[in-house]
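Novice: One structure coming up, written as structure tokens, with questions to follow.
Coordinate-derived values only; no laboratory data. Computed from a predicted model, the values in this text were never measured in an experiment. Every residue, glycine among them, receives a Cβ derived from its backbone with ideal geometry; neighbour counts consider all protein chains shown.
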Amino acid sequence: MTTTKHLLTSVEMARFVANGFHRLDAIVPAELNERAIPEFDAGQQPGVEYGTPLRQAFAEGSISRALLDIPAVAGALQSLIGSDPTVDHHHVHVREPREGEAQPLHGDAIIDTRTDAFDVQLMYYPQEVTADMGGTLSVPGSHLRRTNESDTGRYQNLRGQTRLTCPPGTVVLLHHGIWHGGRRNDSDIRRYMYKIRFNPTVPQVRTWNVDDLDDPGVSEALSVYHPWCEHATARLEIHNRIKMWRALTNDTSFDIDYWATRVANRPGRV
Ligand SMILES: O=C(O)CCC(=O)C(=O)O
């Protein structure tokens, strides 16, 4: 990664904590998008061993390297995962024209109960994705509701879900836990999505631009309600976000409406 100048703000980080993704529309230059599709058609990108340091994972001149060197991508990734991440794996996902079925809703890998660390998944869409092209479905705010891989596969539609449509060159950075799946492609066009998963190697603490840490917009962003759960259950998700924000800021006193402080109160216990 070449620059850390385009770091996310605290309010943007809080939105990521609440929603589970950060979206950068049309951030990749046209020449890279045009190069990507024939290369993806030619086959998967060269393999990378699990846990390879990002600096060594992708060759100079490769699409992956060029993508990760885009300052806004590098800055957002640095903000979310910290410096010197490793590459877990990468893969080009194709939804074939009129293929007839969607991928079940799932979270990648096994149930993952970490509360003080998370992996980041980058999804890159080199072409315009229209409503009938099988854009990735995801459920904003589902990432802290821990599930085991495709246990959510029986859910066909959830209120608040989004099926991605985007201009060419869009990048979405996601929390590893988000519920997602490739949708059915009802168009005549192959749909491409290139995914890279990153693992942190440093504590994910204050890795973004914290100048606005005290902005009231932080609590506001963390308090958003998503329509897939009941009003009362949504409070549990806000509680999960408070715990994540405490870990990210290393501030064990952070709270919203006294919820985390109240439930942690055990007078007299050491
Ligand atoms: O193709 C897609 O849109 C999503 C695929 C994916 O993320 C997966 O298989 O885990």
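Novice: From the set of residues in segment 105-121 that are outside any loop (DSSP other than H, G, I, E, B) and under 20 Å from Met244 (Cα atoms), which is nearest to the ligand (Cβ to nearest atom)?
Specialist: Across segment 105-121, the extreme among qualifying residues is Gln121.
Novice: Can you name the residue in segment 148-178 that is farther than 21 Å from Leu24 by Cβ and of a type outside the set (S, T, N, Q) and, of all such residues, is nearest to the ligand (Cβ to nearest atom)?
Specialist: Glu149
Novice: Looking at (1) closer than 30 Å to Val205 by Cα; (2) within 14 Å of the ligand (Cβ to nearest atom), which is the one condition that is false for Gly134?
Specialist: If we test Gly134 against (1) closer than 30 Å to Val205 by Cα; (2) within 14 Å of the ligand (Cβ to nearest atom), just (1) comes out false.
Novice: I'd like to check which helices (runs of 4 or more DSSP H) are fully inside segment 21-93 and have at least 1 residues that are closer than 12 Å to Val171 by Cβ.
Specialist: So the answer is 30-41, 63-68, 71-81.
Novice: If Gly100 meets every condition in (1) more than 13 Å from the ligand (Cβ to nearest atom); (2) closer than 21 Å to Met244 by Cβ apart from one, which number is that one?
Specialist: (2)
Novice: I would also like to ask the following. Can you go through His89, His6 and tell me which one is under 19 Å from Met123 (Cβ atoms) and in contact with a Pro (Cβ under 7 Å, 6 or more places away or on another chain)?
Specialist: His6
Novice: Right, here's the next one. Could you go through segment 213-230 and let me know if any residue there is more than 29 Å from Asn157 (Cβ to Cβ), surrounded by fewer than 19 Cβ atoms within 10 Å (Cβ to Cβ) and among the aliphatic types (A, V, I, L, M).
Specialist: There is at least one residue in segment 213-230 that is more than 29 Å from Asn157 (Cβ to Cβ), surrounded by fewer than 19 Cβ atoms within 10 Å (Cβ to Cβ) and among the aliphatic types (A, V, I, L, M).
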